[in-house]
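First comes the structure, then the notes that go with it.
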Amino acid sequence: GEDVEQSLFLSVREGDSSVINCTYTDSSSTYLYWYKQEPGAGLQLLTYIFSNMDMKQDQRLTVLLNKKDKHLSLRIADTQTGDSAIYFCAGYNNNDMRFGAGTRLTVKP
Amino acid sequence: DTEVTQTPKHLVMGMTNKKSLKCEQHMGHRAMYWYKQKAKKPPELMFVYSYEKLSINESVPSRFSPECPNSSLLNLHLHALQPEDSALYLCASSQPPGGAFFGQGTRLTVV
(Lines give C-alpha, C1' and ligand atoms only; values in the text may rest on other atoms or scores of the structure.)
Protein backbone atom coordinates (compact mmCIF):
# COMPACT_ATOMS: atom_id res chain seq x y z
CA GLY A 1 0.00 0.00 0.00
CA GLU A 2 0.82 3.63 -0.32
CA ASP A 3 2.52 5.61 2.46
CA VAL A 4 1.55 9.24 2.35
CA GLU A 5 2.88 12.08 4.50
CA GLN A 6 1.48 15.54 5.12
CA SER A 7 2.27 18.48 7.35
CA LEU A 8 -0.35 18.62 10.10
CA PHE A 9 -1.31 22.27 10.41
CA LEU A 10 -1.60 25.37 8.24
CA SER A 11 -2.96 28.78 9.19
CA VAL A 12 -3.65 31.56 6.67
CA ARG A 13 -5.53 34.84 6.50
CA GLU A 14 -8.74 35.15 4.54
CA GLY A 15 -8.01 36.14 0.94
CA ASP A 16 -4.49 34.69 0.95
CA SER A 17 -3.47 31.56 -0.94
CA SER A 18 -3.04 28.28 0.92
CA VAL A 19 -0.62 25.59 -0.14
CA ILE A 20 -0.97 22.13 1.35
CA ASN A 21 1.82 19.66 0.69
CA CYS A 22 1.97 15.89 0.54
CA THR A 23 4.68 13.34 -0.21
CA TYR A 24 4.09 9.73 -1.14
CA THR A 25 6.32 6.70 -1.34
CA ASP A 26 4.69 4.44 -3.93
CA SER A 27 5.57 5.54 -7.44
CA SER A 28 3.04 3.08 -8.86
CA SER A 29 0.14 5.31 -7.75
CA THR A 30 -1.95 5.88 -10.82
CA TYR A 31 -4.10 8.66 -9.40
CA LEU A 32 -3.66 11.10 -6.56
CA TYR A 33 -6.59 12.79 -4.85
CA TRP A 34 -7.39 15.63 -2.52
CA TYR A 35 -10.25 15.34 -0.04
CA LYS A 36 -11.76 17.82 2.42
CA GLN A 37 -13.32 16.82 5.73
CA GLU A 38 -15.31 19.19 7.90
CA PRO A 39 -16.04 18.34 11.55
CA GLY A 40 -18.43 15.43 11.98
CA ALA A 41 -18.73 14.86 8.24
CA GLY A 42 -17.55 12.37 5.65
CA LEU A 43 -14.86 13.09 3.10
CA GLN A 44 -15.61 15.34 0.14
CA LEU A 45 -13.66 14.69 -3.05
CA LEU A 46 -12.14 17.98 -4.22
CA THR A 47 -9.99 17.09 -7.19
CA TYR A 48 -7.63 14.50 -8.58
CA ILE A 49 -4.66 14.24 -10.90
CA PHE A 50 -3.36 11.45 -13.07
CA SER A 51 0.16 10.36 -12.27
CA ASN A 52 1.29 11.36 -15.78
CA MET A 53 0.16 14.97 -15.35
CA ASP A 54 2.13 17.85 -13.82
CA MET A 55 -0.66 20.25 -13.05
CA LYS A 56 -4.41 20.49 -12.92
CA GLN A 57 -6.48 23.58 -12.29
CA ASP A 58 -10.09 23.56 -11.17
CA GLN A 59 -11.51 27.00 -10.30
CA ARG A 60 -9.75 28.09 -7.08
CA LEU A 61 -7.84 24.80 -6.79
CA THR A 62 -4.50 24.05 -8.42
CA VAL A 63 -2.84 20.66 -8.03
CA LEU A 64 0.87 20.30 -8.76
CA LEU A 65 2.57 16.94 -9.06
CA ASN A 66 6.32 16.44 -9.06
CA LYS A 67 6.62 12.77 -9.84
CA LYS A 68 10.40 12.72 -9.57
CA ASP A 69 10.27 13.98 -5.98
CA LYS A 70 6.93 12.21 -5.26
CA HIS A 71 5.52 15.50 -4.11
CA LEU A 72 1.93 16.64 -4.48
CA SER A 73 0.51 20.02 -3.53
CA LEU A 74 -2.88 21.67 -3.40
CA ARG A 75 -3.10 25.43 -3.77
CA ILE A 76 -6.32 27.17 -2.77
CA ALA A 77 -6.57 30.69 -4.16
CA ASP A 78 -8.44 33.43 -2.27
CA THR A 79 -8.92 31.22 0.78
CA GLN A 80 -12.21 31.76 2.60
CA THR A 81 -13.28 30.95 6.16
CA GLY A 82 -15.47 28.19 4.70
CA ASP A 83 -12.29 26.48 3.52
CA SER A 84 -11.33 25.74 7.13
CA ALA A 85 -11.25 21.94 7.36
CA ILE A 86 -8.88 18.98 7.29
CA TYR A 87 -7.42 18.22 3.87
CA PHE A 88 -6.25 14.72 3.01
CA CYS A 89 -4.19 13.64 0.05
CA ALA A 90 -4.64 10.06 -1.08
CA GLY A 91 -2.76 7.77 -3.44
CA TYR A 92 -4.58 5.14 -5.47
CA ASN A 93 -3.34 2.02 -7.23
CA ASN A 94 -5.42 -0.97 -8.24
CA ASN A 95 -8.34 -0.40 -5.85
CA ASP A 96 -5.99 0.35 -2.96
CA MET A 97 -6.43 3.92 -1.69
CA ARG A 98 -4.45 5.26 1.27
CA PHE A 99 -4.62 8.60 2.99
CA GLY A 100 -2.09 10.98 4.40
CA ALA A 101 -2.39 12.13 8.01
CA GLY A 102 -4.34 15.22 6.97
CA THR A 103 -3.57 18.93 7.19
CA ARG A 104 -5.79 21.07 9.37
CA LEU A 105 -6.30 24.37 7.58
CA THR A 106 -7.40 27.31 9.71
CA VAL A 107 -8.48 30.49 7.94
CA LYS A 108 -8.41 33.64 10.04
CA PRO A 109 -10.66 36.57 9.12
CA ASP B 1 -26.81 10.67 -8.20
CA THR B 2 -23.36 10.94 -6.59
CA GLU B 3 -24.43 9.80 -3.19
CA VAL B 4 -23.24 7.04 -0.94
CA THR B 5 -25.78 6.36 1.79
CA GLN B 6 -24.80 4.84 5.11
CA THR B 7 -27.11 3.63 7.83
CA PRO B 8 -27.40 4.04 10.71
CA LYS B 9 -25.76 7.42 11.33
CA HIS B 10 -25.13 6.59 14.98
CA LEU B 11 -24.91 3.23 16.73
CA VAL B 12 -24.32 2.33 20.35
CA MET B 13 -23.76 -1.34 21.03
CA GLY B 14 -22.68 -3.56 23.87
CA MET B 15 -19.69 -5.86 23.61
CA THR B 16 -21.94 -8.92 23.29
CA ASN B 17 -24.22 -7.47 20.62
CA LYS B 18 -24.38 -8.26 16.93
CA LYS B 19 -25.13 -5.37 14.60
CA SER B 20 -24.65 -4.45 10.95
CA LEU B 21 -23.65 -1.29 9.15
CA LYS B 22 -25.10 -0.74 5.71
CA CYS B 23 -23.90 1.18 2.67
CA GLU B 24 -25.59 1.77 -0.66
CA GLN B 25 -24.58 3.46 -3.91
CA HIS B 26 -26.28 3.70 -7.28
CA MET B 27 -23.47 5.19 -9.33
CA GLY B 28 -22.53 1.87 -10.92
CA HIS B 29 -19.18 1.92 -9.15
CA ARG B 30 -17.48 -1.45 -9.06
CA ALA B 31 -15.20 -0.89 -6.09
CA MET B 32 -16.54 -0.40 -2.58
CA TYR B 33 -14.59 0.28 0.59
CA TRP B 34 -14.84 0.24 4.35
CA TYR B 35 -12.62 2.62 6.31
CA LYS B 36 -12.29 3.19 10.03
CA GLN B 37 -11.51 6.69 11.29
CA LYS B 38 -10.57 7.57 14.83
CA ALA B 39 -10.74 11.15 16.06
CA LYS B 40 -8.07 13.44 14.56
CA LYS B 41 -6.69 10.59 12.44
CA PRO B 42 -6.92 9.78 8.73
CA PRO B 43 -9.23 7.04 7.47
CA GLU B 44 -7.64 3.58 7.72
CA LEU B 45 -8.47 1.09 5.02
CA MET B 46 -10.24 -2.04 6.27
CA PHE B 47 -11.72 -3.83 3.25
CA VAL B 48 -12.09 -3.38 -0.49
CA TYR B 49 -14.56 -5.16 -2.72
CA SER B 50 -14.04 -5.15 -6.45
CA TYR B 51 -16.80 -6.52 -8.67
CA GLU B 52 -18.46 -7.94 -5.53
CA LYS B 53 -15.38 -9.94 -4.54
CA LEU B 54 -13.21 -9.16 -1.55
CA SER B 55 -9.93 -7.91 -2.98
CA ILE B 56 -8.24 -6.32 0.04
CA ASN B 57 -8.51 -7.24 3.72
CA GLU B 58 -6.12 -5.21 5.81
CA SER B 59 -5.70 -7.89 8.49
CA VAL B 60 -8.89 -6.73 10.17
CA PRO B 61 -9.98 -8.78 13.23
CA SER B 62 -12.66 -11.37 12.51
CA ARG B 63 -15.15 -9.57 14.73
CA PHE B 64 -15.61 -7.36 11.64
CA SER B 65 -17.16 -9.28 8.76
CA PRO B 66 -17.83 -7.58 5.43
CA GLU B 67 -20.41 -8.65 2.91
CA CYS B 68 -21.23 -7.44 -0.59
CA PRO B 69 -24.67 -8.84 -1.55
CA ASN B 70 -24.69 -7.05 -4.90
CA SER B 71 -22.93 -4.29 -6.78
CA SER B 72 -24.88 -1.54 -4.98
CA LEU B 73 -24.73 -2.75 -1.40
CA LEU B 74 -21.99 -3.24 1.15
CA ASN B 75 -22.50 -4.41 4.71
CA LEU B 76 -20.22 -4.63 7.70
CA HIS B 77 -21.31 -7.15 10.31
CA LEU B 78 -20.13 -6.49 13.84
CA HIS B 79 -19.89 -9.02 16.63
CA ALA B 80 -18.22 -9.01 20.05
CA LEU B 81 -16.60 -5.63 19.53
CA GLN B 82 -14.30 -3.94 22.01
CA PRO B 83 -14.52 -0.35 23.29
CA GLU B 84 -11.41 0.52 21.22
CA ASP B 85 -13.45 -0.27 18.09
CA SER B 86 -15.46 2.89 18.72
CA ALA B 87 -14.86 5.13 15.70
CA LEU B 88 -16.42 6.63 12.60
CA TYR B 89 -16.90 3.93 9.96
CA LEU B 90 -16.85 5.26 6.44
CA CYS B 91 -18.03 3.56 3.30
CA ALA B 92 -16.88 4.67 -0.13
CA SER B 93 -17.31 3.63 -3.73
CA SER B 94 -15.17 4.44 -6.73
CA GLN B 95 -14.72 4.05 -10.43
CA PRO B 96 -11.35 5.50 -11.42
CA PRO B 97 -10.33 7.98 -12.47
CA GLY B 98 -13.11 9.86 -10.75
CA GLY B 99 -12.04 9.20 -7.20
CA ALA B 100 -13.95 7.69 -4.33
CA PHE B 101 -17.21 9.08 -3.04
CA PHE B 102 -17.74 8.74 0.68
CA GLY B 103 -20.83 8.36 2.78
CA GLN B 104 -21.31 10.49 5.89
CA GLY B 105 -20.27 7.59 8.08
CA THR B 106 -21.66 5.66 11.01
CA ARG B 107 -20.45 6.85 14.37
CA LEU B 108 -20.08 3.68 16.42
CA THR B 109 -19.77 3.59 20.19
CA VAL B 110 -19.05 0.28 21.90
CA VAL B 111 -19.95 0.20 25.58
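Could you tell me whether any residue of region A:75-83 is within 14 Å of another protein chain (Cβ to nearest Cβ), touching a Leu at 6+ places or on another chain (Cβ under 7 Å) and at pLDDT 90 or above?
No; the residues of region A:75-83 include none that is within 14 Å of another protein chain (Cβ to nearest Cβ), touching a Leu at 6+ places or on another chain (Cβ under 7 Å) and at pLDDT 90 or above.
Kindly list, by first and then second residue, each pair from a residue in region A:1-29 that is over 24 Å from residue A:78 (Cα atoms) and open to solvent by 40 Å² or more (accessible area, probe 1.4 Å) to a residue that is among the polar types (S, T, N, Q) and in a loop (DSSP other than H, G, I, E, B), limited to pairs with Cβ atoms under 8 Å and residues at least 6 apart or on different chains.
A:3/A:25
Examine region A:65-72 for a residue that is of a type in the set (Asp, Glu), in contact (Cβ under 8 Å) with a residue 40 or more places away in the chain, open to solvent by 40 Å² or more (accessible area, probe 1.4 Å) and on the phi > 0 side of the Ramachandran plot, and state whether such a residue exists.
no
For region A:97-109, indicate whether the set of residues that are more than 13 Å from chain B (Cβ to nearest Cβ), outside any strand (DSSP E or B) and open to solvent by 10 Å² or more (accessible area, probe 1.4 Å) is non-empty.
For region A:97-109, residues more than 13 Å from chain B (Cβ to nearest Cβ), outside any strand (DSSP E or B) and open to solvent by 10 Å² or more (accessible area, probe 1.4 Å): present.
Taking only region A:30-55 into account, find how many residues are open to solvent by 50 Å² or more (accessible area, probe 1.4 Å), more than 20 Å from residue A:94 (Cα to Cα) and either away from chain B (no Cβ under 14 Å) or part of a strand (DSSP E or B) (or both).
Looking only at that region, the number is 3.
Quick one: residue A:61 ticks every box in (1) among the aliphatic types (A, V, I, L, M); (2) closer than 19 Å to residue B:42 by Cβ; (3) under 11 Å from the mean Cα position of the chain (by Cα); (4) at pLDDT 95 or above bar one, so which box is it?
(2)
The values are calculated or read from the model by the stated rules, or taken from the named source; none is laboratory data. Since the model is a prediction, treat every value here as computed from it, not as a measurement. All Cβ positions, even for glycine, are placed from backbone atoms using ideal geometry, and neighbour counts span all protein chains on display. All accessible areas refer to the heavy atoms of the entire protein, side chains included, with ligands and DNA or RNA removed. Shrake-Rupley method; radii C 1.70, N 1.55, O 1.52, S 1.80 Å.
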